[in-house]
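In what follows, a structure is listed as structure tokens, so that the remarks can point back to it.
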Protein chains: 2
Amino acid sequence: MTSSRSSAQLPQVVIENVSPSVDCGRYAAKRSLGDRLAVGADIYKDGHDLIGARVRYRKPGERGWQFQPMRFDFNPDRWLADIDLDCLGRWEVTVEAWPDFFATWVADLRKRLDAGQDVASELLEGAALLGRAEVASGARAVVTAAAQTLADAGRSVEERTACAFDAELAAALQGPLRRRSVARSKPTLEVVVDRERARFAAWYELFPRSQAPEPGRHGTFADVEKRLPALAELGFDVVYLPPIHPIGHTHRKGPNNARVCKPGDPGSPWAIGSEEGGHTAVHPELGSVGDFDHLVRAAADCGIEIALDFALQCSPDHPWTREHPEWFFQRPDGTLRYAENPPKKYEDIYPLNFWCENREDLWQACRDALLFWIDHGVKIFRVDNPHTKPLAFWEWCLRDVQARHPDTIFFAEAFTRPKRMYGLAKLGFSQSYTYFTWKNSWWELRELMDDLTDERVMEFYRPNFFANTPDILHEYLQRGGRPAFRARLLLAATLSPSYGIYSGFELCENVPVREGSEEYLDSEKYQIRHRDWDAPGNIKSDVARINRLRREMPALQQLGNLEFLESQTPEILWYRKRSDGDDLFVAVNLDPHEVREGLVSMPVEDLGVDVGAPYALRDLLTDEIYEWQGGQGFVRLDPAQRPGHVFRLEKAAGDSR
Amino acid sequence: MTSSRSSAQLPQVVIENVSPSVDCGRYAAKRSLGDRLAVGADIYKDGHDLIGARVRYRKPGERGWQFQPMRFDFNPDRWLADIDLDCLGRWEVTVEAWPDFFATWVADLRKRLDAGQDVASELLEGAALLGRAEVASGARAVVTAAAQTLADAGRSVEERTACAFDAELAAALQGPLRRRSVARSKPTLEVVVDRERARFAAWYELFPRSQAPEPGRHGTFADVEKRLPALAELGFDVVYLPPIHPIGHTHRKGPNNARVCKPGDPGSPWAIGSEEGGHTAVHPELGSVGDFDHLVRAAADCGIEIALDFALQCSPDHPWTREHPEWFFQRPDGTLRYAENPPKKYEDIYPLNFWCENREDLWQACRDALLFWIDHGVKIFRVDNPHTKPLAFWEWCLRDVQARHPDTIFFAEAFTRPKRMYGLAKLGFSQSYTYFTWKNSWWELRELMDDLTDERVMEFYRPNFFANTPDILHEYLQRGGRPAFRARLLLAATLSPSYGIYSGFELCENVPVREGSEEYLDSEKYQIRHRDWDAPGNIKSDVARINRLRREMPALQQLGNLEFLESQTPEILWYRKRSDGDDLFVAVNLDPHEVREGLVSMPVEDLGVDVGAPYALRDLLTDEIYEWQGGQGFVRLDPAQRPGHVFRLEKAAGDSR
């Protein structure tokens, strides 16, 4: 026996499996502002005593704890409570439970009285119980009086028992009777509450230097401003800009990633830094920091947020290479090491040595670059290749920034092994890229969505389905043409509450640099592109329509409400997005080349439709009405005409459901 | 930045989700002797370095740790290793991982050489890497020589690079190069290795006092001995005896739980203790402790183990009530409190106050009672109502006893809320009763088995399917008669590797004390029963057959190898028990009244049967051969004739599969 533990230290009530929890409480769970947090726990003890339980939680920045009583749900044998998440930041949550000796005594007394038993001894035990209770001073008088009444042999049994069931007494004895009988779950769990935009947004990526309306000129922030009304019209919430900093000239890459560049070639924006500055400077041809501030304000006026790229690497010309050579890797010959993925060499980029001797200075400088842009109104950062920087750095940096600015959103661009992508999300990234671009068949999409909607994964991982990126032009788009772009847009925008396109997608740009490559021909990464935004064949009306639907329909603003339904045609993906009486049913033809048709199942029993009665579905993409009957419907999708349907049950006149 | 943490303390390699783990490592996982333990972990780090990983484990009672290298499984992105569990007791397991800088350097060097790049700088970096390595003194010379060769500009590049790929060098650099680069998973996980009998056994429960062959006489241990050969013939592994201790006389219960007893009524064996002794004494009419020892030895000679009941409660006449009144609850009037479940009163039993002031003496006395019987050869205890005693007591007591005697098995008799039953199993009970007796329809059985074969639950919860108990004669048996007993026997013996029957089951005893009760009429709990073990209608041949099959067929010795297959007839339960090329297919007619028939599916594609070819199934219960063809078979079960089938694929002559 561990004789050093007194009885009081041994747990009488066990609290287990508290949710939400990520990796046993090692990481915070994620929620959005306004969510209702469901806290659950398995709680039990030996014997027959009733149990009391409550959530003990602390709001961000507050010193005091608040309490919320928990209720017992017999099936599935679990204790539950809801907390309204009404402010941003890092909430703390634990569960407390105790044997509810008073409630047990009252319940037993009732049973004894109902059975006509003598309760003289029980009344004395009740009095003793009250005598030992630690109650707030305000309630002390009620409890003391009750104890005296219960023990008073001079009074009638009726009077004494009535006192036991007194509502005022019950109120005074809510919660644990003695502090040392309270068990508390460990560790304290954390829940990070982000803005809704961390979960739900339509993104648009553009290179500012390509935004000049006239060919041949380097675009500017002012040119970007001029495009904002059109982007707002298309329904985008976030406009993300690749790095806007001065671009290095040493080993600058030419068009199509050529190893040598010609004079006037603009280089890659990810080769950050030159004599004109580094991560807190602006490439002079784009404008000034003041021009950028103007852009941020103009965007806000359109309801658009500007997101910046955060790429922690330097061109050989970055000021840090001179001011802090010790922040880089040095080769045995004393030169700084450029980036490599052997045998590939990236001589225009130097990686930072995050584990260098004075790493604290480096880490703070990186963090300060974020704070600089936050001061200039940027609250969303798309982080480039975070998996090549230390996990410990991100955990510290993101937490530090969000403690100062809890409305900051970090979007992880890591395409790597799943556990590492999950790891970055767990340690603080608000949302993440996924494998979506590479998942094009029905089984690939189902597998992807099964992974992403796993309840444990949803606690920390928020997907953002970019349908293309400057690095990824999938073969499906290359070969499928305009129908493929329309289908992928519909999938991205309805399967994930956050999605995005990189500019050119709406023009169905699909020419790769060479056969078998996912790189674009004449990629904007290395040169300025000029586009006609109204070019024939553009799918802007699709974009505008689906983005409007996303804002109107709550079903498209959540991730875990997805349910795949049976489709007899594998090329027709058929799924339901649930939303409390306003479900959507989406059909997408995954084949961009052929007409596909077939029966799909319809769970009429869930929808309040009379079995056998006809019902009408409105396609929210076209406003057409379809009449169906029974548990199956027929879908025919011609990719030349439409990518799919977004059906909503048409409500009968007078049907207020 | 947490400036108090040096770089060395910040983790570069992350180890997560180590398995097996119960409740984040709070409790031990369970395995059986001879099992191969699969240890898994998610391991990742930033950047491109390769990772090395190993299991670090310690056998029970050993001081030193052993290591087992882990291998990476790309899908599902997890690190794995197997450990052979070759001794009983509590094993400790952690996972270690580190950046494998040497392997990374070698792999990169190979790529550079293949690309024809200059590697002069890389050779110097390799030399520096070796210079920093902490290697065992035996390997020091090899590593030092290699470092010199790599750095030696006087030698040819060929000679220097050859040195990098030297097998002896690779062997010397296995494992982490530097101790401080090693991450270790926390907490250390525990795995309790029990005897195989904790997982796989056929139990038989009998009241010794009912074993006299002639009516009217109180049975003895010697009478039990005489029954052992017959029980061994039936194939039982464990014979469990209700309490064998002196029975109290105060408030002794009469037949059928009458509140008053007549002279000569034997009382309930669970009213433990009299002037003749308590938990370490033997009821005189059964014999002496020496007679008990003789029984234990005789049982062992038959291959049978004797299990005792461990019921921590006392009759009012138990010696402890006089020697230690402070171990009991006292009422305000100074009397000891009898057991109650208001409004029910159990005046023949006093509960123990496990949280009394000198609880340590009480806890040790309880533990010592176990040690007493262990000294008398008992290694299996069926623990009565453990959920009414403190969880902390069991955790301490079971751990203490198993530390001394790791071959001890504890069987929890708790019929309560699922989480509390799981809780008892987690804190140390080797196996547990279940709700099996109350699950009789196909969906109840499927739900029960889904719960019990959940991977997380199987880590700690081993079911023992008693088909009846002295407390539970289910309505299904009461109404279904002999066919019901045969079906329930077949289900219990094939669904769970541990199962049992309480004597009388083989005689199909099914008369309740009254309509609507699950209590037996003339229950042995309160009186002596005399039986004719060869009474007509007995199902002993069923028992003997299924127990022999259980010993012969590995498929019946595991729990998690169960798979329910499709049956078009809900009353016919159809399931597969997998076992590495020797699967069994079991059909049970759950309807004891009607003939049921229908098609069941057969996964021929898994079985190496040519599509379209006929195949033969042998019913191991009857040795009959059935010829099937294709993915479905027809089953017809007449409850008057047979409860079901246990099919095994008949192998063709010369088929060595």
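Rule-based calculations on the coordinates, nothing more; no lab input. What you see is a predicted model, and the numbers here were worked out from it, not measured in a lab. Backbone-built Cβ (ideal geometry, glycine too); neighbour counts: all protein chains shown.
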Convex hull volume of the range B:196-285 per residue (C-alpha atoms, cubic angstrom): 127
Between helix B:289-301 and chain B: long-axis angle, C-alpha atoms, 0 to 90°, nearest 10: 60
Label point distance in nm, residue A:178-residue A:132, each placed 7 Å from Cα along Cα→Cβ: 0.4
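I'd like the mean, over residues of B:15-22, of how many other protein chain beta carbons sit within 10 Å of each residue's own Cβ. Mind showing how you got there, number by number?
Working: counts 0, 8, 5, 0, 0, 0, 1, 0.
Per residue, the average neighbour count from other chains is 2.
Looking at the range A:7-193 from every direction and averaging, what is the projected area of its Cα convex hull in nm²?
Working: hull surface 50.2 nm².
The Cα convex hull of the range A:7-193, projected and averaged over all directions, gives 12.5 nm².
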Whole-number percent relative contact order across chain B, with pairs defined as alpha carbons under 8 Å at least 6 apart: 10
The range A:615-655 versus the range B:52-66: alpha-carbon centroid distance in Å: 63
Folded to 0 to 90 degrees: helix A:442-452 orientation relative to chain A principal axis, Cα: 50
Shielding by other protein chains, A:389-395, mean Cβ within 10 Å: 5
Positive-end residue of A:501, A:442, A:282, charge dipole of chain A with Cβ unit charges: A:282
The range B:404-477 versus the range B:484-535: alpha-carbon centroid distance in Å: 18
Positive-pole candidate from A:639, A:414, B:105, dipole of the protein assembly as shown, charges at beta carbon: B:105
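What's the extension gain from residue B:522 to residue B:152 if we count 0.36 nm per residue and subtract their Cα-Cα distance? If you can, show how the numbers build up before the last one.
Working: separation 370, 0.36 × 370 = 133.20 nm, distance 9.48 nm.
Contour length minus Cα-Cα distance gives 123.7 nm.
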Residue of chain B nearest the B-to-A rotation axis [by Cβ], rounded angstrom distance: B:24, 2
Shortest-first nm distances, residue B:535 label point to equivalent points in other copies (7 Å, Cα→Cβ): 9.1
Dipole in debye (nearest 20) - the protein assembly as shown, about Cα centre, beta carbon charges: Lys, Arg +1; Asp, Glu -1: 2100
Exam field: residue B:69 pseudo-label spacings to other copies (7 Å along Cα-Cβ), nanometres: 6.1
Equivalent ellipsoid semi-axes - Cα gyration tensor, the protein assembly as shown, angstrom: 64, 37, 36
Nearest-ten-degree value, helix A:137-151 long axis tilted from longest Cα axis of chain A: 30
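How charged is the neighbourhood of residue A:212? Take every other residue with its Cβ under 11 Å from the Cβ of residue A:212, and add Lys/Arg as +1 and Asp/Glu as -1. Write down the numbers at each step before the final one.
Numbers: positive: A:209, A:217, A:226, A:227, A:529, A:531; negative: A:214, A:223, A:285.
Summing Lys/Arg as +1 and Asp/Glu as -1 gives +3.
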Net dipole in debye of the range B:150-288 [+1 Lys, Arg Cβ; -1 Asp, Glu Cβ; about Cα centre; nearest 20]: 640
Inter-site label distance for residue B:110 and residue B:605 at 7 Å from Cα along Cβ, in nm: 3.7
Extended-chain gain in nm, criterion 0.36 nm per residue less alpha-carbon gap, residue B:551 and residue B:87: 164.8 nm
Antiparallel bridges, percent of DSSP beta bridges restricted to the protein assembly as shown (to nearest 5): 70
Between the range A:194-211 and the range B:134-153, the alpha-carbon center distance in angstrom: 53
Dipole in debye (nearest 20) - the range B:7-193, about Cα centre, beta carbon charges: Lys, Arg +1; Asp, Glu -1: 760
Copies compared at residue A:170 - label distances in nm, ascending, label defined 7 Å from Cα in the Cβ direction: 7.5
Theoretical FRET efficiency, 1/(1+(r/R0)^6), r = Cβ-Cβ of residue A:66 and residue A:36, R0 22 Å, to 0.05: 0.90
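Would you kindly work out the equivalent ellipsoid of the range A:562-651 from its C-alpha gyration tensor and give its semi-axes, the square roots of five times the eigenvalues, largest first in whole Å?
Taking √(5λ) for each Cα gyration eigenvalue gives 21, 13, 12 Å.
All other residues with a Cβ under 14 Å from the Cβ of residue A:295 taken together, and with Lys, Arg as +1 and Asp, Glu as -1, what is their net charge?
Numbers: positive: A:209, A:226, A:227, A:297; negative: A:223, A:225, A:291, A:293, A:301, A:305.
Around residue A:295, the charge tally is -2.
What is the mean number of Cβ atoms from other protein chains located within 10 Å of the Cβ atom of each residue in peptide B:525-534, rounded to a whole number? Numbers along the way, then the final one.
Details: counts 0, 0, 0, 0, 0, 0, 0, 0, 0, 0.
Counting other chains' Cβ atoms within 10 Å and averaging over B:525-534 gives 0.
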Positive-end residue, chain A charge dipole about Cα centroid, Cβ charges, pick of A:539, A:256, A:216: A:256
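Could you work out the local net charge near residue B:278, counting Lys and Arg as +1, Asp and Glu as -1, over the other residues with Cβ closer than 12 Å to its Cβ? Walk me through the numbers before you get to the answer.
Details: positive: B:322; negative: B:275, B:276, B:317, B:323, B:368.
Every neighbour counted, the sum reads -4.
Show me the three semi-axes of the equivalent ellipsoid for chain A, from the C-alpha gyration tensor (sqrt of 5 times each eigenvalue), largest first, rounded to whole Å.
Numbers: eigenvalues 636, 249, 80 Å².
Equivalent-ellipsoid dimensions as semi-axes: 56, 35, 20 Å.
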